[in-house]
1. Which of the GluC sites (Glu not before Pro) found in the stretch A:230-291 are in a DSSP loop and have at most 14 neighbouring Cβ atoms, other than their own, within 10 Å?
2. About the Cα centre of chain A, how large is the charge dipole given +1 on each Lys and Arg Cβ and -1 on each Asp and Glu Cβ? Please answer in debye to the nearest 20.
3. Mind jotting down the distance between the C-alpha centroids of the stretch B:320-335 and the stretch B:238-276, whole Å?
4. Starting from the stretch A:289-381, pick out the trypsin sites (Lys or Arg not before Pro) whose DSSP state is loop and whose Cβ has at most 14 other Cβ atoms within 10 Å.
5. Using θ = phi - 60° and the Karplus curve 6.51 cos²θ - 1.76 cosθ + 1.60, what whole-Hz ³J(HN,Hα) does each residue of the stretch A:337-354 get, with Gly and Pro shown as x?
6. Place +1 on the Cβ of every Lys and Arg and -1 on the Cβ of every Asp and Glu in the protein assembly as shown, take the dipole about the Cα centre, and give the residue among B:Ser71, B:Val81, A:Pro16 whose Cα lies farthest towards its positive end.
7. Dividing the alpha-carbon Rg of the stretch A:16-334 by 2.2 N^0.38 Å yields what?
8. Considering only A:Thr281, A:Ser211, A:Gly261, whose Cα is most displaced toward the positive end of the charge dipole of the stretch A:166-325, charges sitting on Cβ of Lys, Arg (+1) and Asp, Glu (-1)?
Number of protein chains: 2
Amino acid sequence: MAIEPRLYRGMRDFLPEEMMPREELLHTVRETFRRWGFAPLATPAIEFKEILAGKYGDMADRLIYSLEHKSGLALRYDLTVPLARAVATYGDKLPTPFKRYQIQEVWRAERAQPQQGRFREFLQCDVDTVGTDSLVADGEILALSVKLLSDLGFPNAITKLNHRALLRGLMDISKFPNESEAEVCRIIDKLDKIGKSGVHEEFIAAGYPESCIETMFELILRTGNNEELLSFVSEKYGNNERISRGVKEIRQAIKYAVDFGVPPESLKLDLSLARGLDYYTGTIFESYNPEQPHIGSLTGGGRYDNLIGLFTDKKAPAVGVTIGLDRIFAALSDAGRIESRQSPTRVLVTVFDEKLLPDSIVLATRIRDAGIPSEVYFEPRRMKHQFSYADKLNIPYVAILGENEINKGVVALKDMTTGEQEELMFEEIIERLKS
Amino acid sequence: MAIEPRLYRGMRDFLPEEMMPREELLHTVRETFRRWGFAPLATPAIEFKEILAGKYGDMADRLIYSLEHKSGLALRYDLTVPLARAVATYGDKLPTPFKRYQIQEVWRAERAQPQQGRFREFLQCDVDTVGTDSLVADGEILALSVKLLSDLGFPNAITKLNHRALLRGLMDISKFPNESEAEVCRIIDKLDKIGKSGVHEEFIAAGYPESCIETMFELILRTGNNEELLSFVSEKYGNNERISRGVKEIRQAIKYAVDFGVPPESLKLDLSLARGLDYYTGTIFESYNPEQPHIGSLTGGGRYDNLIGLFTDKKAPAVGVTIGLDRIFAALSDAGRIESRQSPTRVLVTVFDEKLLPDSIVLATRIRDAGIPSEVYFEPRRMKHQFSYADKLNIPYVAILGENEINKGVVALKDMTTGEQEELMFEEIIERLKS
């Protein structure tokens, strides 16, 4: 009996139609990272569980896929822990600072049936600078993120930014207890999703007093341009050390990002930006396309000075950004900017009959050698079949080579979009297909 | 206590030095596949075990990494079974023929401690045409494999070829029993590794009579050019149906490959070529670089008409080739053709002092915007430190921008290879770095 060809829920196949633009997107991403002097790193999918669990503790047990293996192995959950492991493994073999990008799959054992848009396997894309606390690195990562989005077709993307120390200072002012930072950040992070009232409810449910919550809201929901907000908090609360450090650092990071070529209007200070993860220590940011707010954030990152040193006794301050490839792809699709093609082929060379088959192969080869993706149909089947193959694959041109054409020294080229057919010399075909 | 940053044996990290040329290699490979009209497919790492085991049966249990999961999940072992599963899943949504390439990691739970060059995770690179038994497809896959090796720097690679039906016919002539094909092929496949005497021993150990073995050796070790060998077997044993089919098909496949642009002298019929895997049914081939025989085969493939239909009731004849990326990379390294670089950066812009830091950032940005990978040092540290960073990363140029240079409207550019330093205008720098 045949085995049913099932796929585990939350796993995806990428058929050519989707895979072709994804590969092109990745190529642009890699080229951009390289132009900024970041170098690629790759680590294995399988690591020791104790290493993967190093960062997340309990959460690890819930979210990591373990292997049936006596050595205690599991699949990587993110690319941050492998980076920390690599930094410890290679030590001085790596440069300081270490500017690396890494684009690899990660696996998350989400318990619930994955919703629309939640996957158990996805391609994670991280770029980080490890080993410097210079704010130039923060400005560079910010700028790289903004310019990459611009390269990918989102020149008007907005990057919201904030600073964990600044946010922490505002918590002090609002009289939240010292140890509540992680929880408060996790709750505030839901603001976009559940709104002010939802966040309010969660704070109450978590046992925080109404007065703290109200003061906090007043501070973090304040509006104004970057300089207005920074002047306000520094003038009013500048004697709080965290606030004064946060204001100074965020000002500096913005300034450097602008030196790196970022349009100043694309950076928007948002005192309510928290980022959910515990480990951020400085600058934090998230980018989105204001023309497509429903897609959510396209990139996000920040400074995290205490994580990469996890497996070593050296300090390894770090700042980085995650490029949300699935989101970016969704945004490009949503904007109708993904060309629907099922094949890279620009021209299908049809086969007139058995005898002329070699002529068609030679023609396809010459076209390909001129740099144009081409293929020859495999059999002298009825023309109808050959055209319908080209149609199904959205191949834009079909070349026909019969006795007639061979005698005249031409090829009949059919434009599959307009239906027009012309007799052309070989050089004319190349010119046409290159344009 | 710190967790030891160990890596499971047989798993590899790829540091920038290795990862940069690997990414470039992969880019060329993808571009070549696309120029030949093959389209990318990607499937998830995790599949149901019953699907992965469908092909290999017992072997599956030994070689597949299972997950600790009640749904019976495991990691893919190759890209052939996922292709068969996708062909069954998507049916008519895919074109016929379906020309696909797939470049993804696979995992093999090798029991023994992996030897040098044996890995438990590696990047598999397959290109296949599914859904046609036309020998044009065999010729195309053969030619693609030869031309890809040429594009990658192995223009003199030799492709040994044979045909399973032909080999099977020679087994008939040698009076091997009908059901021994798989075993005989597996033993003959070791010829390169263990030599004639080793193969002889294995045949004896497997219980085959001396007379069969001797006749077989006489036939398969016969030397001569392609036409000599084909004429010999077809004249002498042409009444064996398998031999006559094999001869006809291999002749045709060679002819088409030549039409597709393969130099005839690069294709060498070798009647002892067997390929280890059971599933081949027609043309089989393997390529190697005669200048580096110790590296082993760089690509290998053939026709396998009964495997891809595994999960469907339709026939799905297929022909394909595996590109041995690790071997190709080893061959390029071995030939000294991998440039040793730790960073994509072409020029490091140093930082003279705190005050001039923004000028350096702006200069690095202008150079980058002109398309040249560049970065700025993160701090106004002593020049010695900045130069040693460039040195460590093999960055070929360093740009210096002090008060002096700014007043003169120039930049000092130091060539790190020659040690020469020149004062240049911005446009001159771009010209220099582009050359």
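1. Working: sites: A:Glu235, A:Glu241, A:Glu249, A:Glu265, A:Glu286, A:Glu291; in loops: A:Glu291.
Those satisfying the criteria are A:Glu291.
2. Working: 56 positive and 66 negative charges, 158 e Å.
So the magnitude is around 760 debye.
3. If we compute the Cα centre of each part, the gap is 24 Å.
4. Details: sites: A:Arg303, A:Lys314, A:Lys315, A:Arg327, A:Arg337, A:Arg341, A:Arg346, A:Lys355, A:Arg366, A:Arg368, A:Arg381; in loops: A:Lys314, A:Lys315, A:Arg337, A:Arg341, A:Arg346, A:Arg381.
Passing sites in the stretch A:289-381 are A:Lys314, A:Lys315, A:Arg337, A:Arg381.
5. Listing the rounded values in order: 9, 9, 6, 8, 10, 9, 8, x, 5, 8, 9, 9, 8, 7, 10, 6, 7, 3 Hz.
6. In the protein assembly as shown, that residue is B:Ser71.
7. On the way: Rg = 19.6 Å, N = 319, 2.2 N^0.38 = 19.7 Å.
So the stretch A:16-334 has a normalised radius of gyration of 1.00.
8. A:Gly261
Only the coordinates and a few stated rules stand behind these numbers; no lab work does. None of the values given here were measured: they were computed from a predicted structure. All Cβ positions, glycine included, derive from the backbone under ideal geometry; neighbour counts span all protein chains shown.
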